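Novice: Sending over a structure as structure tokens; questions will come in a sec.
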Amino acid sequence: MYSRCCGSVVYMFHEMFEKNTETWCVMMRCLVSNGYGDEAISFFTRFKREGNKLDGEIFKEIFSAYALTGDVKKGLIQFEAMQKDYGIKPSMEHYNNVTKMLATSGHLDETLSFIEKMPVEPSVDVWETLMNFSRVHGDVELGDRCAELVEKLDDTRLDKVSSAGLVANVNYKYNRTKDIDTSRPETDMIYEMLESLQLQMLEMGYVPSTREWRNERVEKENKQEWTFGYKEEVAVVKKLLDSRPRSSVTVISNFRICQDSHDALKLMSEITGRQLIKRDSKKFHQFGKGICSCKLVS
Ligand SMILES: [Zn+2]
């Protein structure tokens, strides 16, 4: 049911004699990091059912779980309940997590409305979250507006986003099956954005033929192609974040682009509203508005 790594953590969790809220939080975080959103929600339900006291920390995990499943309505209900039923005053981290939950699934208007209704001044993190997801979802205008606010609040932040440290490891997803590193929030952001794009692409009819993103099939057949294909998309997301809004991005590799990635990049160009240029071992592919300039592979 679970990936090997997650399975070990679940096993250890069940074997533990004493569990505290932190243990439950770690468990939920592990599940979310491995793509098991529904399972993380089940753990949250079980945590409540067993009579444990809910605190602000475990709510942070549930928002991440709902961000993954895309069930933002239920996530918002939990946000309400956190305040009304449990008397927990939201911290800026809670606001940022809810922002992320809404924006991940492309609910950009709702996200903006949520931020504007915040009873406290939104932090630069909150605006940065919306800025990044606006760009990914192709709302460059909103992305620009957020960028202005981010710059105003912390002018070093945009440089930081553009820095090479944003995503160092294009093999992140592959490595996650073996070694979870939850101390890398920037990489998490890339992964979340890719997940979000993936959900939209699936809604648009995209059928990944050689790999399954959400399930851990890396240990099965097509390992090479799976990891190679995934790298293409990770590289594009990194470039999207690394560049100015509306600009085109170029990704270069020494391998010929596979059909799967070719289909994926066409859709990514449509969703983001950006021109994506891919140079592989054979030629340039110029993706824009859902089509590619090449005639051969498309
Ligand atoms: Zn092409």
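Novice: Give me, ordered by chain and number, the residues 5 or more places off Ile257 or on other chains with an amide H under 5 Å from its own placed amide H.
Specialist: HN-HN under 5 Å from Ile257: Ser281, Lys282.
Novice: Keeping all protein chains in place, calculate the accessible area per residue for region 106-162 (probe 1.4 angstrom), answer in Å².
Specialist: Details: 2810 Å² over 57 residues.
On a per-residue basis, 49 Å².
Novice: For Thr250, enumerate residues with amide H under 5 Å from its amide H, sequence gap 5+ or separate chain, H modeled in the peptide plane.
Specialist: The answer is Ile277.
Novice: Per-residue accessible area for Cys294 at 1.4 Å probe radius, Å² rounded to 10?
Specialist: Its accessible surface works out to 10 Å², give or take rounding.
Novice: Past 25 Å, Cα to Cα, is the threshold; run Lys74/Lys238; Lys238/Lys283; Lys53/Lys117 against it and keep the listed order. Working shown, then result.
Specialist: Working: Lys74/Lys238 30 Å; Lys238/Lys283 22 Å; Lys53/Lys117 28 Å.
From the list (Lys74/Lys238; Lys238/Lys283; Lys53/Lys117), the Cα-Cα distance tops 25 Å for Lys74/Lys238; Lys53/Lys117.
Novice: Glu141 to Glu93: FRET efficiency via 1/(1 + (r/R0)^6), r the Cβ-Cβ distance, R0 25 Å, to the nearest 0.05? Provide the component values of the computation, followed by the final result.
Specialist: On the way: r = 28 Å, r/R0 = 1.10.
Computed FRET efficiency for Glu141 and Glu93: 0.35.
Novice: Still on this structure, I have one more. Once the whole set of protein chains is in place, how much accessible area is left on Arg29, using a 1.4 Å probe, in Å² to the nearest 10?
Specialist: About 90 Å², ignoring ligands and nucleic acids.
Novice: Taking R0 as 35 Å, what FRET efficiency do you get between Arg46 and Glu151 from their Cβ-Cβ distance, rounded to the nearest 0.05? Can you show the working numbers first?
Specialist: Numbers: r = 44 Å, r/R0 = 1.25.
Once rounded, the FRET efficiency stands at 0.20.
Novice: What GluC sites (Glu not before Pro) does region 46-132 have in DSSP loop regions with at most 14 other beta carbons within 10 Å?
Specialist: Details: sites: Glu50, Glu57, Glu61, Glu80, Glu93, Glu110, Glu116, Glu128; in loops: Glu50.
Passing sites in region 46-132 are Glu50.
Novice: Are there any trypsin sites (Lys or Arg not before Pro) in region 78-144 that are in a DSSP loop and have at most 13 other Cβ atoms within 10 Å? List them by number.
Specialist: Working: sites: Lys84, Lys100, Lys117, Arg135; in loops: Lys117.
In loop regions of region 78-144 (DSSP not H, G, I, E or B), the sparsely surrounded trypsin sites (Lys or Arg not before Pro) are Lys117.
Novice: What is the percent carbon and sulfur in the accessible area of region 1-82, measuring with a 1.4 Å probe over the protein chains and ignoring ligands?
Specialist: Details: 2180 of 4140 Å².
Result for region 1-82: 53 percent of the exposed heavy-atom area is carbon or sulfur.
Novice: As an exercise, identify the chymotrypsin sites (Phe, Trp or Tyr not before Pro) in region 1-110 lying in DSSP coil whose Cβ has no more than 11 other Cβ atoms within 10 Å. Before the final figure, lay out the partial values.
Specialist: Values: sites: Tyr2, Tyr11, Phe13, Phe17, Trp24, Tyr36, Phe43, Phe44, Phe47, Phe59, Phe63, Tyr66, Phe79, Tyr86, Tyr95; in loops: Tyr2, Phe17, Tyr36, Tyr86.
Loop-located and lightly packed - Phe17.
Novice: Heavy atoms only, probe 1.4 angstrom, no DNA, RNA or ligands counted: give me Thr69, Thr111, Thr23, Thr156 ranked by accessible area, highest first.
Specialist: Details: Thr69 50, Thr111 0, Thr23 25, Thr156 85 Å².
Listed by decreasing accessible area, they come as Thr156, Thr69, Thr23, Thr111.
Novice: Return the distance in nm (one decimal) between the two label points of a simple spin-label model at Met204 and Thr250, each offset 7 Å from Cα along Cα→Cβ.
Specialist: About 2.3 nm, to one decimal.
The values are calculated or read from the model by the stated rules, or taken from the named source; none is laboratory data. The structure displayed is predicted, hence computed values, not measured ones. With ideal geometry, Cβ positions are generated from the backbone for all residues, glycine too; neighbour counts draw on all protein chains shown. These area figures cover heavy atoms from the full protein model, side chains too; ligands, DNA and RNA do not enter into them. Shrake-Rupley method; radii C 1.70, N 1.55, O 1.52, S 1.80 Å.
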